[in-house]
């Protein structure tokens, strides 16, 4: 199961009294789905190669305001009709692929790993207003982040009495190159007509941090089958998020803006996603094992932490920079040799 929390505040509209009527952190989301797969190739008892991939999409969130008079808060020149009703919609996609070299210390229950990881975190946010005098108008932005680089980490056995139950801790992290980009568009009320504005776009190449930590308990049902339950935390920082881009364009200028200073494309946010992951592991032969995973995720806005709980190992959590609430179901099948 996954939940996202600790959402950063970004006021979008205020009411006639000057109080925030709609904030970017108010979007609520249902569950979403995505697969996860992993492959382990054991060279011997001390060395292995690990590859895994996951993708989670949809993350659809929304929040609504009734008809009223609202004032925009730095929305690239967008002014909602008066009176109007407003709706906020968010969505996102996150995916990650990694390839690691693992080496187990023969003298202690510690496995070192070093490898390469790629992470993609894309989001959309749109604010739409409806009135009785003009077609729907609004403002929206799309952000993307492509992180890639090396990571190091370790897998440490925390408790093993020789029985069926074992506990281990996992941690890995790296500083990644990040290609961040954004595109902002709008539909403005100009002389009573809904008029498209933009797009205005920007990009920025910088660095971002991505890390993962977790504690897992594994129960061997028999020689061939085991289950895992645990908790993990993933976090990233230094990425572009939609809500922080909404005020960077100037569509009210004549002519409207079509570009944005590239250094403004990457405005770091912070997001959390929590969840549960259920996993089963079956030993097919002496060297190959197969694993199946089902994950449920629920998220919020600007801070994401993935938490996975697995009947064979883990509840994971992921902290990072993003801007959409979303829960999610996901499944995976993996094999190891």
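The table below gives the values:
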quantity	calculated
Test: residue in region 72-83 that is in contact with a strand residue (DSSP E or B) (Cβ under 7 Å, 6 or more places away or on another chain), part of a strand (DSSP E or B), free of Cβ contacts under 8 Å to residues at least 40 places away in the same chain and crowded, with 17+ Cβ neighbours inside 10 Å	no
Filtered residue count, region 62-71, keeping only those that are out of contact with any helix residue (DSSP H, G or I) (no Cβ under 6 Å at 6 or more places or on another chain), part of a strand (DSSP E or B) and under 20 Å from residue 247 (Cβ atoms)	2
Residue 169 vs. criteria surrounded by fewer than 22 Cβ atoms within 10 Å (Cβ to Cβ), at negative phi and not in a strand (DSSP E or B)	no
So residue 214, is it farther than 27 Å from residue 157 by Cβ and in contact (Cβ under 8 Å) with a residue 40 or more places away in the chain	no
Total residues in region 84-93, condition free of Cβ contacts under 8 Å to residues at least 60 places away in the same chain and either surrounded by fewer than 21 Cβ atoms within 10 Å (Cβ to Cβ) or more than 28 Å from residue 187 (Cα to Cα) (or both)	3
Some residue of region 92-103 being assigned to a strand (DSSP E or B), within 23 Å of residue 11 (Cβ to Cβ) and under 12 Å from the mean Cα position of the chain (by Cα)	yes
Residue that is nearest to the chain's Cα centre (by Cα), among those in region 182-198 that are surrounded by fewer than 18 Cβ atoms within 10 Å (Cβ to Cβ) and assigned to a strand (DSSP E or B)	196
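Conditions tested, residue by residue: (1) on the phi > 0 side of the Ramachandran plot; (2) at pLDDT below 85.
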| position | (1), (2) |
| --- | --- |
| 4 | no, yes |
| 45 | no, yes |
| 59 | yes, yes |
| 77 | yes, no |
| 90 | no, no |
| 110 | no, no |
| 113 | no, no |
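Yes or no, residue by residue, for (1) within 18 Å of the chain's Cα centre (by Cα); (2) buried (at least 19 other Cβ atoms within 10 Å of the Cβ):
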residue	(1), (2)
117	yes, yes
122	yes, yes
136	no, no
148	yes, no
160	no, no
180	yes, yes
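The values are calculated or read from the model by the stated rules, or taken from the named source; none is laboratory data. Keep in mind that this is a model prediction, so the values were computed, not measured. In this analysis, Cβ positions are derived from the backbone assuming ideal geometry, glycine residues included, and neighbour counts consider all displayed protein chains.
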